[in-house]
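The values are calculated or read from the model by the stated rules, or taken from the named source; none is laboratory data. Since we're looking at a predicted model, the values are computed, not measured. Note that each Cβ is placed from the backbone with ideal geometry, even for glycine, and that neighbours are counted across all protein chains shown.
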Amino acid sequence: MHIFVCKLDFEWEEHWYLKALERVDKQKKERILRFVYKEDAFRSLLADVLLRTILHNQLQISDEDMVFGTNVYGKPYLVKRDDIYFNLTHSGDWVGCAIGQTPVGIDIELIQPIDFSLAKRFFSPEEYLALQQQSPENQLDFFYGLWTLKESYIKAVGKGLAIPLGSFTVQTADEPPTILTGLEQGYRCKKYDFVDGYKLAVCSKETCFPTKPKFVDSLRLMNGELITRCD
């Protein structure tokens with residue numbers, strides 16, 4: 001499994017935007033052009049460019065073979081390859097991609113103040129109790145750590161919010177955390193404190209997770225280069 005993250009840390013001048021649009025397929029381009037806010041379009045576009053560059057540079061998949069479909073829940077997959085699984089995420093200034101040989105899910109979240117009553121609605125009773133047992137200064141960090149773990153799980157399974165977030169429990173004391181109850185068994189998750197102010201989690205049936213995500217240089221990425229570093 002590999003995890004790549006990339007920061008949207010440059011000004012999207014018109015030529016960058018148009019150049020990136022040329023790299024995506026017609027359906028993706030139409031979805032991006034429908035975004036009301038440019039920032040949402042940029043994040044979605046950068047995530048797609050990141051995926052395509054990984055597939056091309058790391059796995060030697062040609063543009064012609066990058067044919068994407070979606071399952072009944074909307075999760076994308078490679079039509080011509082059944083040995084490669086991927087998932088994308090974006091939040092705030094960051095986009096991420098997880099890719100491997102088994103179904104995988106990834107979630108990035110920008111940490112912002114929230115109403116903790118959300119946890120009672122979306123967490124299992126065991127998870128909500130664990131949140132309540134945290135000190136006040138640690139509750140926000142714990143909430144987002146658990147939220148990204150749960151999101152990464154439903155994305156790995158490929159059913160999204162068709163699986164109620166409160167219907168399964170993630171045991172956060174494990175390393176990596178495991179799913180104790182739920183519709184699918186055998187999945188394990190790992191969370192990453194990869195940069196200040198964000199949480200990142202990945203879920204898969206893999207038994208070995210990367211120690212750190214690989215950071216991709218955004219400007220080089222726009223030129224089709226996958227230049228990475230591990231911070």
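With respect to residue 79, determine if the residue is surrounded by fewer than 14 Cβ atoms within 10 Å (Cβ to Cβ) and either under 15 Å from residue 25 (Cα atoms) or of a type in the set (D, E, K, R) (or both).
Numbers: surrounded by fewer than 14 Cβ atoms within 10 Å (Cβ to Cβ): yes; either under 15 Å from residue 25 (Cα atoms) or of a type in the set (D, E, K, R) (or both): yes.
When the stated conditions are applied, residue 79 passes them.
Do any helices (runs of 4 or more DSSP H) entirely within region 13-67 hold 1 or more residues that are out of contact with any Ser or Thr (no Cβ under 7 Å at 6 or more places or on another chain) and closer than 20 Å to residue 214 by Cα, and if so, which?
Answer list for region 13-67: 38-57.
Do any helices (runs of 4 or more DSSP H) lying entirely in region 113-166 carry at least 3 residues that are under 19 Å from residue 203 (Cβ atoms), and which ones are they?
Result: 125-132, 139-157.
Tell me, please, whether a residue that is touching a residue at least 60 places away in the same chain (Cβ under 8 Å) and more than 16 Å from residue 220 (Cβ to Cβ) can be found in region 4-25.
no
Does region 148-169 include one or more residues that are modelled with pLDDT under 95, over 23 Å from residue 74 (Cβ atoms) and out of contact with any Cys (no Cβ under 9 Å at 6 or more places or on another chain)?
The answer is yes, given that some residue of region 148-169 is modelled with pLDDT under 95, over 23 Å from residue 74 (Cβ atoms) and out of contact with any Cys (no Cβ under 9 Å at 6 or more places or on another chain).
Across region 129-172, what is the number of residues that are buried (at least 21 other Cβ atoms within 10 Å of the Cβ), within 18 Å of residue 112 (Cα to Cα) and not aromatic (Phe, Trp, Tyr)?
6
I'd like the full set of residues that are touching a Lys or Arg at 6+ places or on another chain (Cβ under 6 Å) and either within 24 Å of residue 228 (Cα to Cα) or not in a loop (DSSP other than H, G, I, E, B) (or both), limited to region 68-94.
87, 90, 93, 94
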